[in-house]
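**Q** Here it is, the structure in full.
The values are calculated or read from the model by the stated rules, or taken from the named source; none is laboratory data. Keep in mind that what you see is a predicted model, and the values were worked out from it rather than measured. All Cβ positions, glycine included, derive from the backbone under ideal geometry; neighbour counts span all protein chains shown. Heads up: the accessible areas ignore ligands, DNA and RNA and are worked out on the full protein's heavy atoms, side chains in. Shrake-Rupley method; radii C 1.70, N 1.55, O 1.52, S 1.80 Å.
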Amino acid sequence: KRLNGNYVVYDLGGGTFDVSVAKIKGKKIEILGKEGLGELGGRDFDHALTEIIIKKFKEETGKKLSVEDIDYSLDVEELKKSLSKRNEIAVNLSIRGKGAADFSITEKEFIEAISSKIQQTKTQCQLVLEDATLTIDDIEEVLLVGGSTRIPYVKKIVKKFFKQEPKYVGNP
């Protein structure tokens with residue numbers, strides 16, 4: 001469709017967060033504001049999930065794991081993706097010399113672990129609107145970019161903040 005109006009691009013990728021406001025009229029694009037966090041993204045969410053796994057393994061076995069133990073034994077990013085599609089995931093983890101444990105991780109536990117990071121993006125969204133001298137009501141659409149926007153909680157927070165259903169886009 002032909003774009004006309006003010007658009008927010010909410011880009012939460014693997015390692016950074018960027019939010020921009022663009023005024024688009026036909027082929028003319030003007031960036032009205034941009035904000036971001038150079039150290040916030042999917043890696044932070046992977047780390048939060050790793051910390052949950054370490055905690056649960058210790059509860060089950062009494063043994064402490066390192067991040068390296070997890071990195072060698074599990075694909076945490078795949079677990080994160082599974083939590084984006086389910087309310088709960090099962091983890092079966094066996095570490096040589098440290099034992100084995102079966103446990104589950106709920107979406108709620110994951111959200112609790114990442115919520116403060118997602119809240120930081122809201123602050124950046126407020127700042128970019130102020131930079132652009134716009135209000136939420138001035139925004140035509142919110143476009144979600146980056147793999148971490150597939151986390152349902154992220155979409156929920158963006159929808160609540162901007163008071164509209166955000167849209168996923170591929171490569172903006």
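**Q** Quick check on my filter: what residues within segment 55-73 are buried (at least 16 other Cβ atoms within 10 Å of the Cβ) and in contact with a helix residue (DSSP H, G or I) (Cβ under 7 Å, 6 or more places away or on another chain)?
**A** 65, 70
**Q** Of all residues in segment 17-30, how many are surrounded by fewer than 18 Cβ atoms within 10 Å (Cβ to Cβ) and in contact with a Ser or Thr (Cβ under 6 Å, 6 or more places away or on another chain)?
**A** Matching residues across segment 17-30 total 0.
**Q** In segment 114-123, how many residues are over 15 Å from residue 160 (Cα atoms) and open to solvent by less than 20 Å² (accessible area, probe 1.4 Å)?
**A** Residues of segment 114-123 that are over 15 Å from residue 160 (Cα atoms), as a first pass: 114, 116-117.
After this cut, where a residue has to be open to solvent by less than 20 Å² (accessible area, probe 1.4 Å) as well, the list is 114.
The number of residues fulfilling the criteria is 1.
**Q** Hey, another quick one. Could you run through segment 3-39 and say how many residues are in a loop (DSSP other than H, G, I, E, B), in contact (Cβ under 8 Å) with a residue 12 or more places away in the chain and not polar (S, T, N, Q)?
**A** 7
**Q** Out of 124, 119, I need the residue that is touching a Gly at 6+ places or on another chain (Cβ under 7 Å), in a helix (DSSP H, G or I) and closer than 19 Å to residue 40 by Cα. Which one?
**A** 124
**Q** Run down 105, 111, 95 and say which single residue is closer than 26 Å to residue 38 by Cα and either among the hydrophobic types (A, V, I, L, M, F, W, C) or open to solvent by less than 90 Å² (accessible area, probe 1.4 Å) (or both). Before the answer, list the steps.
**A** Working: 105 fails: closer than 26 Å to residue 38 by Cα; 95 fails: closer than 26 Å to residue 38 by Cα.
The conditions single out 111.
**Q** So, in segment 74-90, of the ones that are surrounded by fewer than 17 Cβ atoms within 10 Å (Cβ to Cβ) and touching a strand residue (DSSP E or B) at 6+ places or on another chain (Cβ under 6 Å), which residue ends up farthest from residue 19 (Cα to Cα)?
**A** Out of the qualifying residues, it is 90.
**Q** In segment 127-163, which residues are under 9 Å from the mean Cα position of the chain (by Cα) and outside any helix (DSSP H, G or I)?
**A** Taking segment 127-163 and keeping what is under 9 Å from the mean Cα position of the chain (by Cα), we get 146-155.
Those that are under 9 Å from the mean Cα position of the chain (by Cα) and outside any helix (DSSP H, G or I): 146, 151.
**Q** For residue 61, state whether it is in contact with an Asp or Glu (Cβ under 6 Å, 6 or more places away or on another chain) and of a type in the set (S, T, N, Q).
**A** For residue 61, the condition - in contact with an Asp or Glu (Cβ under 6 Å, 6 or more places away or on another chain) and of a type in the set (S, T, N, Q) - is not met.
**Q** Restricting attention to segment 40-74, which residues are part of a helix (DSSP H, G or I), touching a residue at least 24 places away in the same chain (Cβ under 8 Å) and over 25 Å from residue 116 (Cα atoms)?
**A** Those that are part of a helix (DSSP H, G or I), touching a residue at least 24 places away in the same chain (Cβ under 8 Å) and over 25 Å from residue 116 (Cα atoms): 60, 61, 69.
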